[in-house]
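The values are calculated or read from the model by the stated rules, or taken from the named source; none is laboratory data. None of these values were measured; they are calculated from a predicted model. Virtual Cβ from ideal backbone geometry, glycine too; neighbours counted across all protein chains shown. Just so you know, the surface numbers come from the protein's heavy atoms only, side chains and all, with ligands and any DNA or RNA stripped out. Shrake-Rupley method; radii C 1.70, N 1.55, O 1.52, S 1.80 Å.
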Amino acid sequence: MHAMIERAGGQAVRIPAGKLLIDGRWYDAADGKTIAVHDPATEEKIADIAAASAADVDRAVEAAHRTFESPAWQRMRPLDRGRLLERLALLVERDAEELARLETLDNGKPYGVSRNVDMKFAVDALRYYAGWSSKMAGEYIALSPFVDDGGTYRAYTERKPVGVVAGITPWNFPMGQAVQKIAPALAFGCTIVVKPSEEASLTTLRLGELILEAGIPDGAVNIVTGYGHDAGQALVDHPLVRKITFTGSTATGQKILESSARTMKRVTLELGGKSPTIILADADLDKAIPGAANAIFPNSGQVCTAGSRLFIDASIYEDVTRGVVEIARDLRLGSGFDPASQLGPLISARQLERVAALVDSGVEEGAEPLCGAGREDRKGYFFKPTVLGRGRADMRITREEVFGPVVLAMPFDNIREIRALANDTVYGLGASIWTRDLNNAHLLASQIDTGTVWINTHNVLDTAMPFGGTKLSGLGREFGSEAIHAYTEPRAVCMRLEFGDAG
């Protein structure tokens, strides 16, 4: 049963039933508990989703384990797993407009972003990993035994799927993050239980309907909605879960890592960031200024790699901050269904309060509010695009991840300061350097302790390029060939060979 909601422009949005997908069927939570879902642009309640308990999670993990151990799954050809992912890609492509409307309703981002970024990424990721499904390979090894016993020793390795995966996803890119966990898990022969954020679960549930339509075997993908402290913790603690892949806050990632140690689960963590955008004196400002704005404001700043620390050569500091402020002031906030809207709301009242508190702390500690620095006076969780100037390294807003449309600008006098400035953070997810001098670009890129460095661009992600962080920004990598290592383990087979009597 699906509900329908109408939004601006007469756009009808179909709401999936808020149930749990377990072993190919939809269920209410065992105890009947639910979570209210609100449209962040209007604060209106739009749906209820099941609040899974530990008992529900146990059923989902058991289903994933049964499917993983089943002869049918173990014997499925890699090419056929790839075909299932391609079939799912075709269905997402077919329903992309419907999915984008649902994403905008649930998350708040502009429809154009949902349709042209999130859905395209989901389709591309499904196809990318569909191709990888048949590309796993081991290696042949010639051994050097300590003792010559007359035999010949040879060995080979093979990549084996880890087993049941727990995929825990955030609310900023719900559909893309769900696919980002599901696609590689299936491609490399695992099964998975997905726990989307309780703040934005609707597109993941609709994806579950498409997974069934695609003919993916029952139990290969299970979806449990619920709170992190209940459903999420039960997934992390479950003894049959062999691998956890989590995207979200550093604090939650640390708790997951601590809990997973008890059963030695494999863990991939993509966590918070405080990415520097660095503009050198020789940069092309016609590109660097909008580049700095685009590094922070899209998705209302709710991006883990958002360029929230803006380091500018002192000789061009006033020009750059003036240009970024002009862009920020021109950005139009509003419902994601309004074609004129460029930025949507933050995800929740709690996130709005956090962003406002961090901005207030920055101003109290001496940062100069150049624009924004406050909530939008309207219904919904809107925060004005904000530029703060004259930041310092000791400010709270410099140290903590804001996850909102807020950038802190800081001047520097010498290029040799940049390494210390950029690395003066517990995070290490992304950074961008804006310059026309390739010598400076490459030398600086090698000095910044971060998972990705962009040069004359920012936030360009591709499933072919490994992605992840250093320090408190996480462990492991997603995307590219690194994904093979994230979802499989090597097994070595060693043989002693010698000719028989007939030889």
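Rounded to the nearest 20 debye, what is the charge dipole size of the chain about its Cα centre when +1 sits on each Lys and Arg Cβ and -1 on each Asp and Glu Cβ? Mind dumping the intermediate values first?
Details: 55 positive and 65 negative charges, 139 e Å.
Its charge dipole is roughly 660 debye.
Between LEU212 and SER249, what is the label-to-label distance in nm when each label sits 7 Å out along the Cα-to-Cβ direction?
Calculated label separation equals 3.4 nm.
Counting only other residues whose beta carbon sits under 14 Å from that of ALA486, what net charge do I get with K and R as +1, D and E as -1? Mind dumping the intermediate values first?
Numbers: positive: ARG159, LYS160, LYS181, ARG242, LYS243, LYS265, ARG266, ARG477; negative: GLU270, GLU478, GLU482, GLU489.
With Lys, Arg at +1 and Asp, Glu at -1, the neighbours total +4.
Taking the range 66-169, which GluC sites (Glu not before Pro) meet the DSSP loop condition and have no more than 12 other C-beta atoms within 10 Å? Each step should come with its number before you reach the end.
Numbers: sites: GLU69, GLU86, GLU93, GLU97, GLU98, GLU103, GLU139, GLU158; in loops: GLU139.
Qualifying residues, ordered by number: GLU139.
Taking the solvent-accessible surface of protein heavy atoms with a 1.4 Å probe, what is the per residue accessible area of the range 311-408 in Å²? Write down the numbers at each step before the final one.
Numbers: 4200 Å² over 98 residues.
Ligands and nucleic acids excluded, the result is 43 Å² per residue.
Whole-Hz Karplus ³J(HN,Hα) for the range 237-245, in order, using 6.51 cos²θ - 1.76 cosθ + 1.60 and θ = phi - 60°, x for Gly and Pro?
Couplings: 7, 5, x, 8, 7, 9, 8, 10, 10 Hz.
With a cut-off of at most 14 other beta carbons within 10 Å, and DSSP calling the residue loop, which trypsin sites (Lys or Arg not before Pro) in the range 245-313 qualify? Please list them.
Working: sites: LYS255, ARG262, LYS265, ARG266, LYS274, LYS287, ARG309; in loops: ARG262, LYS265, LYS274.
Filter output for the range 245-313: ARG262.
Working from the alpha-carbon coordinates of the chain, get Rg over Rh, Rh being the Kirkwood radius. Can you show the working numbers first?
On the way: Rg = 24.3 Å, Rh = 23.9 Å.
For the chain, the value is 1.02.
Considering only PHE173, LEU370, ILE211, whose Cα is most displaced toward the positive end of the charge dipole of the chain, charges sitting on Cβ of Lys, Arg (+1) and Asp, Glu (-1)?
Selected residue: ILE211.
When the helix-only estimate is applied to the chain (DSSP H runs of n ≥ 4, each -39,500 (n - 2.57), divided by the residue count), what is the mean residue ellipticity at 222 nm, nearest 500 deg cm²/dmol?
Details: 16 runs with 172 residues, N = 503.
My calculation for the chain gives -10500 deg cm²/dmol from helical runs alone.
Using a 1.4 angstrom probe on heavy atoms only, work out the carbon and sulfur share of the accessible area of the range 430-503 in %.
Numbers: 2180 of 3970 Å².
Its accessible area is 55 percent carbon and sulfur atoms.
Each residue of the range 260-274 in turn: what ³J(HN,Hα) in whole Hz from Karplus with 6.51, -1.76, 1.60 and θ = phi - 60°, glycine and Pro shown as x?
Calculated HN-Hα couplings, in order: 5, 5, 5, 10, 6, 6, 6, 9, 10, 10, 10, 10, x, x, 9 Hz.
Going by alpha carbons, how many degrees (0 to 90, nearest 10) lie between the helix axis of 96-107 and the longest principal axis of the chain?
60
Taking the Cα atoms only, what angle lies between the long axis of helix 78-94 and the longest principal axis of the chain, rounded to 10 degrees?
Relative to the chain, helix 78-94 is tipped by roughly 30 degrees.
If you take every residue apart from THR250 with its C-beta less than 15 Å away from the C-beta of THR250, what net charge results, scoring Lys and Arg +1 and Asp and Glu -1? List each step's numbers first, then the result.
On the way: positive: LYS255, LYS274, ARG354, ARG399, LYS471; negative: GLU258, GLU270, GLU400, GLU401.
So the surrounding residues net to +1.
Residue by residue, what Karplus-based ³J(HN,Hα) values in Hz, rounded to whole numbers, does the range 375-392 have, using 6.51, -1.76 and 1.60 with θ = phi - 60° and x for Gly and Pro?
6, 7, 7, 6, 5, x, 9, 9, 10, 5, x, 10, 10, 10, x, 6, x, 10
For the Cα atoms of the chain, what angle does the longest principal axis make with the long axis of helix 54-69, in degrees from 0 to 90, nearest 10?
Once rounded, one gets 50 degrees.
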